[in-house]
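In what follows, a structure is listed as structure tokens, so that the remarks can point back to it.
The values are calculated or read from the model by the stated rules, or taken from the named source; none is laboratory data. Note that this is a predicted model, so its numbers are computed, not measured. With ideal geometry, Cβ positions are generated from the backbone for all residues, glycine too; neighbour counts draw on all protein chains shown. With ligands, DNA and RNA removed, areas are computed over all heavy atoms of the protein, side chains included. Shrake-Rupley method; radii C 1.70, N 1.55, O 1.52, S 1.80 Å.
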Amino acid sequence: MSMYLLSAHDISALVTELQASYDVYGPQVEPQTKQVFFDQLASAEALDLAAPIPSMPVKEILFPQMERILKYKYDAQSQSVELSKQYFERPKVLFGLRPCDLSGILVLDRFFLGQEFVDDVYLTHRRQCLLISNTCLHPFPQCFCVCTHSGPDADEGFDLDLTQLKDGILVRVGSEKGQALADAHQWPVASAAHAAEFKAVVERSIDLFPELATDNKAWVAKVMNRITTGFVKPETWEYIGDQCFECGACSFVCPTCSCFNIEDSATACGECERLRMRDSCSFEGYARMAGDHNPRQPVEDRRNKRFFCKLSYPQSKKYLRPGCVGCGRCQWVCPGDIGLPNVVQYIRREITGGQN
């Protein structure tokens, strides 16, 4: 893997240059609320690579919460239909991705692009997309990426990866597109000492988890085994289900949730538009079938489906990694206090007879 050493000025210049050909997105801190959003950059100065994990997952750019994908109009007199596609290809750069969000994109890639059918809408968003990840120098309070093999550094999927070192920013190349950028700019090659410093930075970040990642302790390996084999007691799922508000917030902030629904609606001008909207297994109507049959009407049946999707071996085999990336966002937003880390704790207490 090629490695180069750049200055902060070089990174800023790269952002400005990319903006001439791409829509460049990156982490930004909202001045008044101090919340972090991963949004399109108006200028290179708005990019904040030291900012915490964004409030919303980066999948919002590639898999929006609501998106118009088609317009059509039926002419009854001629019995003809006019169709027009509403999703278009725009080259994008996702600059400064945290490794957990990068892992989430890889899961979406395998879901939408890596199976029998390829999703053309997602492919159109993803095709001309440059991914530039950003190593976490320390964990944030809600992080547990070390438990899900998705941080604090990225090991696959990036075109370029950035790591802040003492005397510059180490840039690792992960793809042909990334190497082409490096060759075009003739960046200075990093030394063996810089490579060793990178490893030390990652190890230091891992060592800081017990001290700084204080919100979550989600050691998932044994829980994955229990969920996969179906050995979680029904009363545990009922307890979890009783706390669920069925709001769907966990699905909407999760970097890997990929369920969606399609709806057609008429417009005032006589046209119809087809909308793709994210769906959630939290919703009571998620599994409802024709004739109003619902095999997952009890909320606990939908909760165990969600955690099977995140922490079972069959899902991990499909995604080549756990379905959870350890970002902790579900814990942030859940009003019932059943984000994934807490659910892991409930199941671990069941295993250990209440001792955890």
Some residue of the range 148-155 being under 25 Å from the mean Cα position of the chain (by Cα), of a type in the set (S, T, N, Q) and crowded, with 16+ Cβ neighbours inside 10 Å: yes
Conditions (1) modelled with pLDDT of 90 or more; (2) open to solvent by less than 70 Å² (accessible area, probe 1.4 Å); (3) closer than 25 Å to residue 336 by Cα; (4) hydrophobic (A, V, I, L, M, F, W, C): number failed by residue 245: (2)
Test: residue in the range 33-43 that is farther than 18 Å from residue 125 by Cβ, aromatic (Phe, Trp, Tyr) and more than 19 Å from the chain's Cα centre (by Cα): no
Count - residues of the range 114-129 that are touching a helix residue (DSSP H, G or I) at 6+ places or on another chain (Cβ under 6 Å) and open to solvent by 10 Å² or more (accessible area, probe 1.4 Å): 3
Test: residue in the range 202-210 that is surrounded by fewer than 13 Cβ atoms within 10 Å (Cβ to Cβ) and at pLDDT below 95: yes
Every pair of residues 6+ apart whose Cβ atoms lie under 7 Å, when the first sits in the range 86-107 and is part of a helix (DSSP H, G or I) while the second is buried (at least 24 other Cβ atoms within 10 Å of the Cβ) and hydroxyl-bearing (Ser, Thr, Tyr): 99/133; 99/150; 100/150; 102/133; 103/150; 104/256; 107/256
Residue 286 open to solvent by 50 Å² or more (accessible area, probe 1.4 Å), modelled with pLDDT of 85 or more and in contact with a helix residue (DSSP H, G or I) (Cβ under 6 Å, 6 or more places away or on another chain): no
Checking residue 111 against (1) open to solvent by 20 Å² or more (accessible area, probe 1.4 Å); (2) at pLDDT 95 or above, the condition it does not meet: (2)
Verdict on residue 231 being at pLDDT below 95, closer than 19 Å to residue 164 by Cα and either charged (D, E, K, R) or out of contact with any strand residue (DSSP E or B) (no Cβ under 8 Å at 6 or more places or on another chain) (or both): no
Identity of the residue in the range 24-70, of a type in the set (Asp, Glu) and surrounded by fewer than 16 Cβ atoms within 10 Å (Cβ to Cβ), that ends up farthest from residue 251 (Cα to Cα): 45
Matching entry among 342, 294 (being open to solvent by less than 60 Å² (accessible area, probe 1.4 Å), free of Cβ contacts under 8 Å to residues at least 12 places away in the same chain and touching an Asp or Glu at 6+ places or on another chain (Cβ under 8 Å)): 294
Residue within the range 154-166 that is within 11 Å of residue 100 (Cβ to Cβ) and either out of contact with any Cys (no Cβ under 8 Å at 6 or more places or on another chain) or not hydroxyl-bearing (Ser, Thr, Tyr) (or both) present: yes
Criterion (of a type in the set (D, E, K, R) and exposed (fewer than 12 other Cβ atoms within 10 Å of the Cβ)) met by exactly one of 183, 159, 215: 183
Test result for residue 331, part of a helix (DSSP H, G or I), farther than 21 Å from residue 234 by Cβ, touching a residue at least 60 places away in the same chain (Cβ under 8 Å) and open to solvent by 20 Å² or more (accessible area, probe 1.4 Å): yes
